[in-house]
Amino acid sequence: MNSSEVRNYLWNFLRNKGLPENSTAAVMGNIYVESDGFKIDVEEYSGGGGYGLCQWTGSRRTQLESYGISFSHQLYFLWSELTGEDTEITGADLQWINPPSNSVTGGEDFDCSIDEFIEGDGDIDFLTTAFCYCWERPAPETNHLDDRIEWAYEFYDTYATGEEPT
């Protein structure tokens, strides 16, 4: 699959699961940065062990690999880690951590419940930051949060308006 096909499928997958447009855009902005532009099988460049769309590492990567690493597996695994649904099938653990640790936020106070995120309760800046801090959890010095937010707006503007993505 090419990048355009991956992002179209990802948008539709998350929307069909009931995730609001602003939360879907937040997930996609994060994944775009994590996966170097929606590369399904990308390995982490820094050698940190991350794999796939969400750069799963450590026990999360092990659980993903036990479930399967295809694009479809990655989508269902992501959804299972985000919502806690079908964990007995995927082997995933619910991964939303709130409040996130200071080692993730760089000392910033941040609070977003999983319910707020799933309901889309917030603007794209807030929801993209929430997904980054509470689910992805990269180091603050390498989280590229501004890029994640910029891409989330790009995806929102493209998909929520019904325009054909480029």
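The values are calculated or read from the model by the stated rules, or taken from the named source; none is laboratory data. As the structure is a prediction and not an experimental result, all values here were calculated from the model. Every residue, glycine among them, receives a Cβ derived from its backbone with ideal geometry; neighbour counts consider all protein chains shown. For accessibility, only protein heavy atoms count, side chains too; no ligands or nucleic acids. Shrake-Rupley method; radii C 1.70, N 1.55, O 1.52, S 1.80 Å.
Scanning region 1-50 for residues that are open to solvent by less than 10 Å² (accessible area, probe 1.4 Å) and polar (S, T, N, Q), which turns out nearest to Phe117 (Cα to Cα)?
Applying the filter and picking the extreme gives Ser23.
Does Glu81 satisfy being open to solvent by 40 Å² or more (accessible area, probe 1.4 Å), assigned to a helix (DSSP H, G or I) and over 16 Å from Phe155 (Cβ atoms)?
Values: open to solvent by 40 Å² or more (accessible area, probe 1.4 Å): no; assigned to a helix (DSSP H, G or I): yes; over 16 Å from Phe155 (Cβ atoms): yes.
No; evaluated as a whole, the condition is false for this residue.
Would you please list the contacts, defined by Cβ atoms under 6 Å and residues six or more apart or on different chains, that run from a residue in region 95-111 that is at negative phi to a residue that is outside any loop (DSSP other than H, G, I, E, B) and of a type in the set (Phe, Trp, Tyr)?
Gln95/Trp135; Trp96/Trp135; Pro100/Tyr133; Val104/Tyr133; Thr105/Tyr133; Phe110/Tyr133
Can you pull out the residues in region 57-71 that are in a loop (DSSP other than H, G, I, E, B) and more than 17 Å from the chain's Cα centre (by Cα)? It would help to see each step written out before you state the result.
Within region 57-71, the first condition is being in a loop (DSSP other than H, G, I, E, B), and the residues that meet it are 57, 68-70.
Residue satisfying the conditions is Gly68 alone.
Every residue in region 53-75 that is surrounded by 14 or more Cβ atoms within 10 Å (Cβ to Cβ) and at positive phi, please. Steps first, answer last, please.
To start, the set of residues in region 53-75 that are surrounded by 14 or more Cβ atoms within 10 Å (Cβ to Cβ) comprises 53-57, 60-61, 63-65, 67-69, 71, 73-75.
Result: Gln55, Gly68.
Give me the pairs: first residue in region 22-42 and on the phi > 0 side of the Ramachandran plot, second residue outside any helix (DSSP H, G or I), beta-carbon distance under 8 Å, and six or more apart or on different chains, which are they?
If the second residue must be outside any helix (DSSP H, G or I), the pairs left are Asp36/Val42; Asp36/Tyr45; Phe38/Leu53.
Restricting to region 134-156, name every residue that is at pLDDT 95 or above, farther than 18 Å from Gly120 by Cα, open to solvent by 80 Å² or more (accessible area, probe 1.4 Å) and assigned to a helix (DSSP H, G or I).
Across region 134-156, the qualifying residue is only Asp146.
What pairs come out if I take residues in region 67-83 that are acidic (Asp, Glu) and pair them with residues that are open to solvent by 10 Å² or more (accessible area, probe 1.4 Å) whose C-beta lies under 7 Å away, six or more apart or interchain?
Glu81/Asp93; Glu81/Leu94; Glu81/Gln95
Collect the residues in region 25-56 that are polar (S, T, N, Q), modelled with pLDDT of 95 or more and assigned to a loop (DSSP other than H, G, I, E, B), keeping them in residue-number order.
Residues satisfying the conditions are Ser35, Gln55.
Is at least one residue of region 117-133 at pLDDT below 95, surrounded by fewer than 16 Cβ atoms within 10 Å (Cβ to Cβ) and part of a loop (DSSP other than H, G, I, E, B)? Working first, answer last.
From region 117-133, those at pLDDT below 95 are none; that's our starting set.
So far as region 117-133 goes, no, none of its residues is at pLDDT below 95, surrounded by fewer than 16 Cβ atoms within 10 Å (Cβ to Cβ) and part of a loop (DSSP other than H, G, I, E, B).
Could you list, in sequence order, all residues of region 84-102 that are more than 24 Å from Glu5 (Cα to Cα), surrounded by 14 or more Cβ atoms within 10 Å (Cβ to Cβ) and of a type in the set (Val, Ile, Thr)?
Residue satisfying the conditions is Thr87 alone.
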